Amino acid sequence: MKELLLSGDRRALAKAITLVESQKPEHQKDAQKLLSSIMPYTGKSFRLGVSGPPGVGKSTFIEGFGTYIIEEKNKKVAVLAVDPSSPISGGSLLADKTRMEKLSLSEKAFVRPSPSSGALGGVANKTRECMFLCEAAGFDFIIIETVGVGQSEYEVANMVDFFATLMLPNAGDEIQGIKKGLLELADAILVNKWDGELKQAAEIAAQHYKNALAILHKTTNWITPIHLCSSIEKQGFDAIYNSLTKYQELNKQNANFQKKRLQQNKLWFESLVHKAFLSFVNSKFKESWEKLSKEVEQQKKSPYEAMNELFQLMGLDNT
Ligand SMILES: Nc1nc2c(ncn2[C@@H]2O[C@H](COP(=O)(O)OP(=O)(O)O)[C@@H](O)[C@H]2O)c(=O)[nH]1
Ligand SMILES: [Mg+2]
């Protein structure tokens with residue numbers, strides 16, 4: 001599998017991703033082996049995260065911008081979608097596939113919607129691993145689509161080089177209520193649907209975001225650009241692409257690019273330990289875990305008491 005994958009075979013890549021996403025313990029062993037063996041061939045791509053509320057046009061943007069990168073910049077593009085297939089929102093796998101139809105058909109593209117695994121955290125657990133597989137297969141531009149909901153945004157922001165947030169052109173209210181954290185997270189704000197009846201509203205919204213950012217006083221040397229774009233009419237892509245290039249050049253000069261990636265490696269390890277530990281406790285100490293949770297819920301024990309008791313059961317000294 002490894003040789004085929006390194007040669008850029010898309011079917012081998014799809015299979016490798018399926019293996020990595022498998023929950024079966026025997027698959028996980030093979031997956032870990034494969035991942036270790038391909039790590040030396042990773043790291044050369046540009047990693048772009050695309051977030052924003054449902055319906056803002058993320059999938060449409062990625063279809064358009066991905067095609068632009070292939071056709072105008074002659075690059076190979078892989079798309080990983082962290083799909084919001086939670087029981088609440090329902091999956092949009094099908095919708096995404098049809099929205100990225102042209103891109104899916106391109107020889108130079110690979111499109112993979114990966115269902116979020118729900119269990120712990122909600123993001124597709126293995127997005128980062130899939131990103132490395134795409135890099136090993138020679139894709140030089142990776143785009144990760146994420147839903148603009150809580151934890152998943154932070155997780156994706158922590159695995160990409162550049163995190164872009166799409167915004168709707170309407171709703172002054174929404175701008176008022178926009179979370180400061182979100183603005184801080186974004187390396188660029190893209191006001192989408194800059195076309196037709198919404199064109200002027202988009203321009204006004206862009207100005208609002210500019211004002212909101214101005215009072216944030218970010219401490220980095222990067223001034224978050226606000227771009228207008230129409231994913232349907234394919235407008236505004238040049239300026240967005242130029243921002244990405246500028247960001248990359250600037251951060252390669254001052255070594256921040258590499259620093260950020262090294263920091264992300266550390267976060268990857270920490271989050272792996274965190275998840276593995278939680279699932280270990282959940283499975284091996286299920287009964288006690290449930291009993292203690294209940295006791296905390298019913299205020300029979302404080303969370304601290306319960307935690308200490310759990311640690312004692314596990315043979316760990318928590319004092
Ligand atoms: N007018 C206009 N509509 C758009 C644009 N981009 C996306 N849409 C529409 O917005 C809806 C949601 O798009 P989608 O890409 O599925 O959004 P996602 O949920 O963020 O992935 C679809 O009906 C799109 O056709 C745009 O640039 N202009
Ligand atoms: Mg979508």
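The values are calculated or read from the model by the stated rules, or taken from the named source; none is laboratory data. Keep in mind that this is a model prediction, so the values were computed, not measured. We place every Cβ from the backbone using ideal geometry, glycine too, and count neighbours over all the protein chains shown.
To keep it simple, each residue is scored yes or no on (1) of a type in the set (D, E, K, R); (2) in contact with a strand residue (DSSP E or B) (Cβ under 6 Å, 6 or more places away or on another chain); (3) assigned to a helix (DSSP H, G or I); (4) under 27 Å from residue 23 (Cα atoms).
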site: 248; (1), (2), (3), (4): no, no, yes, no
site: 264; (1), (2), (3), (4): no, no, yes, yes
site: 274; (1), (2), (3), (4): no, no, yes, yes
site: 281; (1), (2), (3), (4): no, no, yes, yes
site: 294; (1), (2), (3), (4): yes, no, yes, no
site: 308; (1), (2), (3), (4): no, no, yes, no
site: 316; (1), (2), (3), (4): no, no, no, no
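Yes or no: segment 239-248 includes at least one residue that is more than 16 Å from ligand 2 (Cβ to nearest atom), closer than 25 Å to residue 151 by Cβ, among the hydroxyl-bearing types (Ser, Thr, Tyr) and surrounded by 15 or more Cβ atoms within 10 Å (Cβ to Cβ). Yes; the residues of segment 239-248 include at least one that is more than 16 Å from ligand 2 (Cβ to nearest atom), closer than 25 Å to residue 151 by Cβ, among the hydroxyl-bearing types (Ser, Thr, Tyr) and surrounded by 15 or more Cβ atoms within 10 Å (Cβ to Cβ). Residue-level analysis places residue 16 among those that are in contact with a Cys (Cβ under 9 Å, 6 or more places away or on another chain) and either part of a helix (DSSP H, G or I) or surrounded by 14 or more Cβ atoms within 10 Å (Cβ to Cβ) (or both). Checking each residue in segment 65-81 for being within 14 Å of ligand 1 (Cβ to nearest atom) and surrounded by fewer than 24 Cβ atoms within 10 Å (Cβ to Cβ) picks out 67, 68.
Can you find a residue that is of a type in the set (A, V, I, L, M, F, W, C) and over 18 Å from residue 127 (Cβ atoms) anywhere in segment 30-49? No, there is no match, as no residue in segment 30-49 is of a type in the set (A, V, I, L, M, F, W, C) and over 18 Å from residue 127 (Cβ atoms).
Restricting segment 99-113 to residues that are in a helix (DSSP H, G or I) and in contact with a helix residue (DSSP H, G or I) (Cβ under 9 Å, 6 or more places away or on another chain), the residue that is modelled with the lowest pLDDT is 99. Counting only residues that are under 14 Å from the mean Cα position of the chain (by Cα), outside any helix (DSSP H, G or I) and either under 19 Å from residue 228 (Cα atoms) or within 13 Å of ligand 2 (Cβ to nearest atom) (or both), segment 47-80 holds 8 of them.
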